[in-house]
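These notes concern the structure reproduced below.
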There are 2 protein chains.
Amino acid sequence: MYIGIDVGGMSIKAGVVDDSANIIYKEAVPTGAWRPSSEIVSDMVNLILNVIEKSGVNKSDISSIGIGIPGVCDSVKGTVIFCNNMNLDGVNLSEEIRKSIDVPVFLNNDANVAALAEYCVINKPMKCFIMVTLGTGVGGGIIIDGKIFSGFNGAAGEIGHIVINDRGEKCNCGRTGCLESFASVSALIRQTRDAMDKDKNSIMHKIAGTYDNINGKTAFDAAKQGDKTACEVVKNFISYVSSGVVNIINIFQPEMLVIGGAISKEGDYLLNPIKEICKKECYAFGLCENTEFRIASLGNDAGIIGAAMLGKSNGVI
Amino acid sequence: MYIGIDVGGMSIKAGVVDDSANIIYKEAVPTGAWRPSSEIVSDMVNLILNVIEKSGVNKSDISSIGIGIPGVCDSVKGTVIFCNNMNLDGVNLSEEIRKSIDVPVFLNNDANVAALAEYCVINKPMKCFIMVTLGTGVGGGIIIDGKIFSGFNGAAGEIGHIVINDRGEKCNCGRTGCLESFASVSALIRQTRDAMDKDKNSIMHKIAGTYDNINGKTAFDAAKQGDKTACEVVKNFISYVSSGVVNIINIFQPEMLVIGGAISKEGDYLLNPIKEICKKECYAFGLCENTEFRIASLGNDAGIIGAAMLGKSNGVI
């Protein structure tokens with residue numbers, strides 16, 4: 001049995017996870033991200049003890065604790081190097097938690113951990129597996145030989161921060177035209193709004209009601225009803241996503257590439273055109289075996305499951 | 001002792017290489033790329049026997065043979081999947097060569113093999129090491145934990161075929177705006193020619209003599225003499241290279257990134273501005289340890305040495 005903890009800006013979720021990546025029991029507490037680290041760590045420890053107790057699992061059956069952090073970690077030392085919007089920088093979470101529960105503690109970036117979860121539930125050894133997450137931002141995780149690849153400093157896998165076209169918007173990271181600035185939900189909302197501005201007859205106006213209600217589904221929903229302007233928005237958006245996906249395949253040639261995040265709920269409507277573009281654009285396509293594409297299957301549970309599986313996968317590569 | 005073979009379109013080079021990646025003896029024969037595979041393989045075998053004999057090394061001291069191929073290989077089966085401009089597709093080079101010299105035979109892509117060579121001569125274990133080659137095309141190799149990363153199908157590491165800006169030229173691979181279409185010698189020559197067209201007073205005209213003599217050094221040489229137009233060409237070229245380099249660092253966070261190929265002869269004049277751009281643009285820069293940059297050190301010997309080291313590094317990851 002493993003404990004998986006998903007540390008987010010709003011809530012900290014913890015779960016007891018079995019060897020087959022099933023959540024036995026889970027619970028969450030508010031993060032209170034503004035608080036000092038000692039309080040956050042204390043809540044984390046209480047949450048762990050709580051889920052163990054409520055799961056009915058024996059404390060001695062817990063073989064490790066894994067934690068997914070929205071930031072960069074030193075997974076060997078168990079230290080948070082930096083954490084977005086939270087006072088955990090420099091905290092040795094491993095040491096802190098082991099004061100209460102003395103089992104190995106593994107840390108990693110939350111996007112990497114989600115990728116590990118999606119890999120584990122497929123339950124098939126793969127040389128390379130990649131997850132691209134199309135959410136508020138664009139993230140990703142690289143799994144090589146069943147382990148998270150996080151570079152020599154813990155910061156690898158920033159798939160959202162590859163420039164695909166320097167005509168793009170300024171990205172939060174400081175560059176211009178990162179994949180994230182074209183292929184995130186925020187980017188899609190911006191693209192949708194711009195298109196609505198230009199076409200006052202588009203049914204996107206009816207679907208969204210007001211501009212404030214535009215979301216990542218607006219253009220997709222209108223496109224499915226045949227709205228030409230929406231179809232154009234979706235077509236362009238998918239071409240941006242594909243540009244990043246082809247770049248990643250040309251670099252990694254993974255057995256499988258999984259797309260997650262809010263936009264992945266569009267399923268085949270998103271995946272089929274990506275596959276078509278990859279067929280045309282991926283290097284060596286048709287000359288050797290090709291990458292399989294899937295939509296992520298775990299949704300919000302990926303954070304807990306992947307963190308738990310950090311123990312099973314025996315750390316990182 | 002290891003045998004390394006560098007298969008190129010013009011010549012096949014072979015060398016006897018010791019455990020410390022030193023070439024003991026090397027020799028080359030013309031490839032005759034148009035010939036049937038049996039003749040090419042036969043020449044390869046004779047070349048191997050020849051370099052062993054002339055090196056004075058005992059045949060029984062050769063522990064493996066490694067071959068770098070300009071194409072994609074199945075390194076487990078020892079088969080060439082496809083080979084650029086040469087009739088080796090589908091040939092099981094391992095089986096063919098073992099008929100004459102029965103030691104393990106390792107195959108890999110030539111750019112990957114060159115990266116392995118540069119890694120081996122540094123003689124320091126690294127979690128991730130990347131070489132980017134700025135030559136006629138842009139190539140690269142990814143070394144993870146001392147082994148070549150070539151994806152599940154042998155075709156990974158095509159660093160030159162990531163789109164950095166879709167305003168670029170059409171690339172040979174079919175995409176538009178690949179790193180190769182901005183940052184190769186061929187691209188630099190095109191950029192130099194375009195700039196010379198616009199500035200008839202540039203000393204690049206004097207340096208090159210005729211348009212046919214423009215090469216990858218023309219703009220660099222003129223820039224070093226203070227020619228403004230040439231400085232602009234070099235500045236833009238380096239910004240394209242850096243765009244690719246930052247993308248790669250954001251994905252891999254390697255301990256070291258080495259730049260090779262003809263343009264790497266510019267040394268610090270090339271490397272220093274790349275470092276400056278990386279400082280500004282790389283994700284997590286300053287927050288954790290950062291990538292070290294170097295110029296490749298082996299030149300044309302990288303092919304032989306890296307191929308030989310395929311045996312020492314025990315294959316691929």
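The values are calculated or read from the model by the stated rules, or taken from the named source; none is laboratory data. None of the values given here were measured: they were computed from a predicted structure. A quick note on method: Cβ atoms are made from the backbone with ideal geometry, for glycine too, and the neighbour counts reach across all protein chains shown. What goes into the accessible areas is simple: the full protein's heavy atoms, side chains included, and nothing from ligands, DNA or RNA. Shrake-Rupley method; radii C 1.70, N 1.55, O 1.52, S 1.80 Å.
Below is a table of values for the structure above.
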read-out	value
Condition met for residue B:259 (open to solvent by less than 20 Å² (accessible area, probe 1.4 Å), modelled with pLDDT of 95 or more and farther than 17 Å from residue B:183 by Cα)	no
Subset of the stretch B:46-63 that is in a loop (DSSP other than H, G, I, E, B) and touching a strand residue (DSSP E or B) at 6+ places or on another chain (Cβ under 7 Å) - its residue that is most open to solvent (accessible area, probe 1.4 Å)	B:63
Hey, residue A:16 crowded, with 20+ Cβ neighbours inside 10 Å, touching a Phe, Trp or Tyr at 6+ places or on another chain (Cβ under 6 Å), at pLDDT 95 or above and assigned to a strand (DSSP E or B) or not	yes
Flag if residue B:42 is over 20 Å from residue B:310 (Cβ atoms), among the small types (Gly, Ala, Ser) and modelled with pLDDT of 95 or more	yes
Contacts under 9 angstrom Cβ, first residue in the stretch B:52-69 being farther than 18 Å from residue B:104 by Cα, partner part of a loop (DSSP other than H, G, I, E, B), 6 or more apart	B:55/B:1
Residue count for the stretch A:245-296, restricted to those that are farther than 18 Å from residue A:217 by Cα, touching a Gly at 6+ places or on another chain (Cβ under 9 Å) and of a type in the set (Gly, Ala, Ser)	1
Of all residues in the stretch B:164-186 being surrounded by fewer than 24 Cβ atoms within 10 Å (Cβ to Cβ) and under 19 Å from the mean Cα position of the chain (by Cα), the one that is farthest from the other protein chains (Cβ to nearest Cβ)	B:185
In the stretch A:23-45, the residues that are surrounded by 13 or more Cβ atoms within 10 Å (Cβ to Cβ) and either small (Gly, Ala, Ser) or without any contact (Cβ under 8 Å) to a residue 24 or more places away in the chain (or both)	A:28, A:29, A:32, A:33, A:37, A:42
Residue count, the stretch A:131-163 (criterion: facing chain B (nearest Cβ under 10 Å) and in contact (Cβ under 8 Å) with a residue 24 or more places away in the chain)	13
Qualifying position, being crowded, with 21+ Cβ neighbours inside 10 Å, among the aliphatic types (A, V, I, L, M), in contact with a Pro (Cβ under 8 Å, 6 or more places away or on another chain) and closer than 30 Å to residue B:282 by Cα, among A:159, A:238	A:238
Residues satisfying the stated conditions in the stretch A:189-220, i.e. among the hydroxyl-bearing types (Ser, Thr, Tyr), surrounded by 17 or more Cβ atoms within 10 Å (Cβ to Cβ) and not in a helix (DSSP H, G or I)	A:202
Filter result for residue A:139 (assigned to a strand (DSSP E or B) and under 30 Å from residue B:126 (Cα atoms))	yes
In the stretch A:72-95, residue nearest to the other protein chains (Cβ to nearest Cβ) [restricted to those that are on the phi > 0 side of the Ramachandran plot and either crowded, with 20+ Cβ neighbours inside 10 Å or more than 21 Å from the chain's Cα centre (by Cα) (or both)]	A:90
Enumeration of residues in the stretch A:129-156 that are more than 14 Å from residue A:70 (Cα to Cα) and crowded, with 24+ Cβ neighbours inside 10 Å	A:129, A:130, A:131, A:132, A:134, A:142, A:143, A:148, A:149, A:151
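Yes or no, residue by residue, for (1) part of a strand (DSSP E or B); (2) closer than 18 Å to residue A:310 by Cα:
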{"position": "A:4", "(1), (2)": "yes, yes"}
{"position": "A:65", "(1), (2)": "yes, yes"}
{"position": "A:72", "(1), (2)": "yes, yes"}
{"position": "A:85", "(1), (2)": "no, no"}
{"position": "A:97", "(1), (2)": "no, yes"}
{"position": "A:102", "(1), (2)": "no, yes"}
